[in-house]
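The values are calculated or read from the model by the stated rules, or taken from the named source; none is laboratory data. Note that this is a predicted model, so its numbers are computed, not measured. Here Cβ is always computed from backbone atoms with ideal geometry, including for glycine, and neighbour counts include all displayed protein chains.
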Amino acid sequence: MNNSNKRDTLEAKHQQNRNQRLDSIKRWVEFIKTHDVDEWGDQQNRLVDSQLESARQSELDIEHRRQVAKAGREHSRSP
């Protein structure tokens, strides 16, 4: 396989990944439109909290850690 074919394959994979993400976003938007905030809000909070915790546990530089901490504080103040 030459470099052009590899690049084409990689671009196709990236496009497939983008399409899958967009499909997931569309499903989530439909879910939040058709379900009460009490149902999906808790799910969203758990997701964000787990992402923040993962970021805190990773080996990030100090500036990135500050950004994560700031995002966590802002998230915890959100209704």
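Quick notes
- Meets criteria (surrounded by 10 or more Cβ atoms within 10 Å (Cβ to Cβ) and basic (Lys, Arg)) for Lys33: no
- Selected residue (only one of Arg65, Arg7, Arg27 is out of contact with any His (no Cβ under 6 Å at 6 or more places or on another chain) and modelled with pLDDT of 85 or more): Arg27
- In segment 40-73, the qualifying residues are those that are β-branched (Val, Ile, Thr) and more than 13 Å from the chain's Cα centre (by Cα), and the one that is surrounded by the most Cβ atoms within 10 Å (Cβ to Cβ) is Val68.
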